[in-house]
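Enquirer: One structure, pasted below without further comment.
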Amino acid sequence: MEQRIAAVVFDLGGVLTPPVFGPLDELNDSLGLPDGTLRAFFRGDEVFAQVERGEISFREFLKSVGTRVQAAHGLRLDLRALAAAVEDAGHLEPAMVDLVRRLHADGIRLGLLTNNAKESVFWRETLPRECFDVVVDSSEVGLRKPDPRIYALVLERLGLPADEVLYVDDFAENLPPAADLGMLTWSFDGRDRLEAFLRGVVTP
């Protein structure tokens, strides 16, 4: 018997938005930096983790990246160009917004769980907030994925048992803590496959 769920919790970047590293990789290549140099500062970097927990500003982080790139590669990085590359991946995917609206209309409870900076405003202004029962932003709660406590907080705010909740994320390392709590998880690799999966597990 297939597992049935009553709520879907979405990651933001790379799920409701385009892949987050595309513009960053383009900037990286245009500067002649080794592959993955810039994206490494945004994934698994402790200074960026401080941004996502709301402990330092995004501007302080950018300065840190500039200092480290110059020390390691002898390149003076244009921080405005770096900030622009991050913002370029910041628009919502219309097809995913449509999916969110349809799930909401079908009576599925929805949550958003995002690692983000306090200064990131695009999604707060464009997200269809009326569709979401719960929004948990790492920079507001002082916790970030994959800390198990942030998933527990989402469940607490939803008021649902873990086995009735599906968590969707494009970063593999963010899924095990949700699964350990008993949530169903989905590694996002495109809307079509997610929609096909949802047809088998949602309970309108």
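The values are calculated or read from the model by the stated rules, or taken from the named source; none is laboratory data. No experiment lies behind these values; they were computed from the predicted model shown. Quick reminder, even Gly has a Cβ in these numbers, built from the backbone with ideal geometry, and neighbours come from all protein chains shown. What goes into the accessible areas is simple: the full protein's heavy atoms, side chains included, and nothing from ligands, DNA or RNA. Shrake-Rupley method; radii C 1.70, N 1.55, O 1.52, S 1.80 Å.
Enquirer: Show me 149-155, 23-29 ranked by packing, highest mean number of other Cβ atoms within 10 Å first.
Expert: Working: 149-155: 19.4, 23-29: 17.4.
Result, highest mean first: 149-155, 23-29.
Enquirer: I need the P(r) histogram for the chain: all alpha carbon pairs, bin width 10 Å from 0 out to the longest distance, whole percents.
Expert: Pair shares across the bins are 8, 35, 34, 17, 6, 1.
Enquirer: Now a separate question. Measure off, as a whole percent, the carbon and sulfur share of the 1.4 Å-probe accessible area of region 124-166, all protein chains present.
Expert: Working: 900 of 2000 Å².
Of the solvent-accessible surface of region 124-166, carbon and sulfur hold 45 percent.
Enquirer: Hey, what's the per residue convex hull volume over the C-alpha atoms of region 139-204, in cubic angstrom?
Expert: On the way: hull volume 6.6 nm³, N = 66.
So the per-residue hull volume is 100 Å³.
Enquirer: Pairwise over distinct Cα atoms, reciprocal of the mean inverse distance: report the Kirkwood radius of region 15-98 in Å, one decimal place. Please report the intermediate quantities before stating the final value.
Expert: Values: mean 1/r = 0.0738 Å⁻¹.
The Cα-based Kirkwood calculation yields 13.6 Å.
Enquirer: With +1 on each Lys and Arg Cβ and -1 on each Asp and Glu Cβ, how big is the dipole of region 38-176 about its Cα centre, in debye rounded to the nearest 20? Let's see the in-between values first.
Expert: On the way: 18 positive and 24 negative charges, 96 e Å.
Approximately 460 debye in magnitude.
Enquirer: Size of the dipole of region 1-111 about the Cα centre, Lys and Arg at +1 and Asp and Glu at -1 on the beta carbon, nothing else charged, in debye to 20?
Expert: Numbers: 12 positive and 17 negative charges, 55 e Å.
Rounded to the nearest 20 debye, it is 260 debye.
Enquirer: Mind listing P(r) for region 71-115? All alpha-carbon pairs, 5 Å bins, whole percents.
Expert: 5, 15, 14, 17, 12, 10, 8, 7, 6, 4, 2
Enquirer: I would also like to ask the following. Could you calculate the FRET efficiency of Leu153 with Val47 from 1/(1 + (r/R0)^6), where r is the beta carbon distance between them and R0 is 30 Å, rounded to 0.05? Could the numbers behind the result be given before it?
Expert: On the way: r = 24 Å, r/R0 = 0.79.
After rounding, the FRET efficiency stands at 0.80.
Enquirer: Leaving out ligands and nucleic acids, and using a 1.4 Å probe, what accessible area per residue does region 149-203 come to in Å²? Write down the numbers at each step before the final one.
Expert: On the way: 2550 Å² over 55 residues.
Computed with neighbouring chains in place, this is 46 Å² per residue.
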